[in-house]
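Here is the structure we will look at, set down as structure tokens.
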Amino acid sequence: MPGAPTIRRRLNRLLSVSLGALLAVAVQAAPTRADVGDLREYPITTPESVPTGITAGPDRALWFTESNADKIGRITTGGTVTEFAVPTESSFLFDITQGPDRALWFTESNADKIGRITTAGAVTEFPLPVAGSFPTGITLGADRALWFTENGTNKIGRMRPDGTVTEYSIPTPDSFPYHIAAGPGGVWFTELIAGKIGRVDFFGNVTEYPLPTGFEFPSDIAAGPGGMWFTASDQIGRITRSGTITLFPRPNQDGGADGITRGPDGNMWYADQFGRIGRITPRGKITEFPVPGGADKVPFNIATGPDRNVWFTELVGNAIGRVEALPRRGAGPHAAAPQPVLTGPRHERPRRLLPCGTRTTPGAASFCH
């Protein structure tokens, strides 16, 4: 298994190298589909900015990181883009989240810093205690602290708004902790190389849950119906608080699923680097919608906006995309029937699979079959 420094270099090369001359990305609308609204794309002012993370802000706008431009971007729901420079050069901005203080907090992977930006554009940077921490994912915990992954030191970090940092080691060496999200019992994170989902509670106790084969490469994670949902190569997964995992195969099994978020319609939405935006219902039915020319644009991360639409970054397309997520619609022509794979602690595994909607005794799990 490759070590964390090797993986870190690969990720850095993927996201921060010069991507060459890009075709201009025009604001365009895709044809209206049967069960999803228009898809629009808004170009970013700075060329080759490589937008990565995206989140809804406290000001009814979306905020995103530009990993190749050392800038934080802001886009209104009408498509107006504003950019703010970060002081540290070549900092490799990656993920971003809304903090407890009406500011946005973000990771500076190459700089080993956590950054903070107000809605007026004022930036503050907080260095981490250890060089080579390489912070990647970041989220706001229920304890009103910022939690982040450090794949350089194989730890989970916790930062108070005053910059005080506490770190917690992950039991599996070189696990490559990647994305992180608040959920039941603490914060949950993906271990990209180890093939596990981890959880750390507010006392610092880390628990790991291996995926069935260990080669699913879990990427992003978000809270949703019935537990935490995550992307894993060519599957979408769900893990309950007790550690029971269900995997749903995607209809287009090309291994490109990355960012995931809970949509305004109660479904989970994800970005596929091979040019699609996907939706999965709480019962596991999947629909995927193509982005025009999307395989060359690389949809990467995704968030629900204040306008009840789904917004995503285009890693190579140098644009922010928006999908009108219409609630209470059907699954569409590309839906895949779920064929879940279950795993988890032996005493927590269900004895049998039950049809969707089957009532069980209190505390028992119900899964689609």
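The values are calculated or read from the model by the stated rules, or taken from the named source; none is laboratory data. None of these values were measured; they are calculated from a predicted model. Every residue, glycine among them, receives a Cβ derived from its backbone with ideal geometry; neighbour counts consider all protein chains shown. Just so you know, the surface numbers come from the protein's heavy atoms only, side chains and all, with ligands and any DNA or RNA stripped out. Shrake-Rupley method; radii C 1.70, N 1.55, O 1.52, S 1.80 Å.
Taking a ≥ b ≥ c as the square roots of the eigenvalues of the Cα gyration tensor, segment 130-227 is classed as oblate, since a/c reaches at least 1.5 and a/b does not exceed b/c. What the phi angles of segment 52-59 give under the Karplus curve with 6.51, -1.76 and 1.60, with θ = phi - 60°, is a coupling list of 10, x, 8, 7, 7, x, x, 10 Hz, glycine and proline written as x. Toward the positive end of the charge dipole of segment 115-271, about the Cα centre and with charges on Cβ (Lys, Arg +1; Asp, Glu -1), which of PRO251, PRO161, TRP229 goes farthest? My answer, from the dipole projection, is PRO161. In plain terms, the chain from THR119 to GLU324 could stretch by 71.3 nm, reckoned as 0.36 nm per residue minus the Cα-Cα distance. Ordering LYS71, LYS297 by accessible surface, largest first, gives LYS71, LYS297; the 1.4 Å probe counts only protein heavy atoms, with every chain in place. Rolled with a 1.4 Å probe across the full set of protein chains, the surface gives ARG40 an accessible area near 80 Å².
Sorting ASP38, ASP296, ASP258 by solvent-accessible area of protein heavy atoms yields ASP296, ASP38, ASP258, largest first, with a 1.4 Å probe. Distance from the Cα centre of segment 56-118 to that of segment 221-282, in angstrom? Here the answer is 24 Å between Cα centres. Counting only protein heavy atoms and using a 1.4 Å probe, the accessible area of PHE274 comes to about 110 Å². With a ≥ b ≥ c taken as the square roots of the eigenvalues of the C-alpha gyration tensor of segment 60-161, please select rounded if a/c is under 1.5 and otherwise prolate if a/b is larger than b/c or oblate if it is not? Oblate shape, in that a/c is at least 1.5 and b/c is the bigger or equal ratio. Averaged per residue, segment 90-207 has 32 square angstrom of accessible surface, using a 1.4 angstrom probe with ligands and nucleic acids left out. A simple spin-label model places pseudo-atoms 7 Å from Cα toward Cβ; at ALA295 and ASP201 they are separated by 4.8 nm.
The residues PHE230, PHE202, sorted by heavy-atom accessible surface at 1.4 Å with ligands and nucleic acids left out, run PHE202, PHE230 from largest to smallest.
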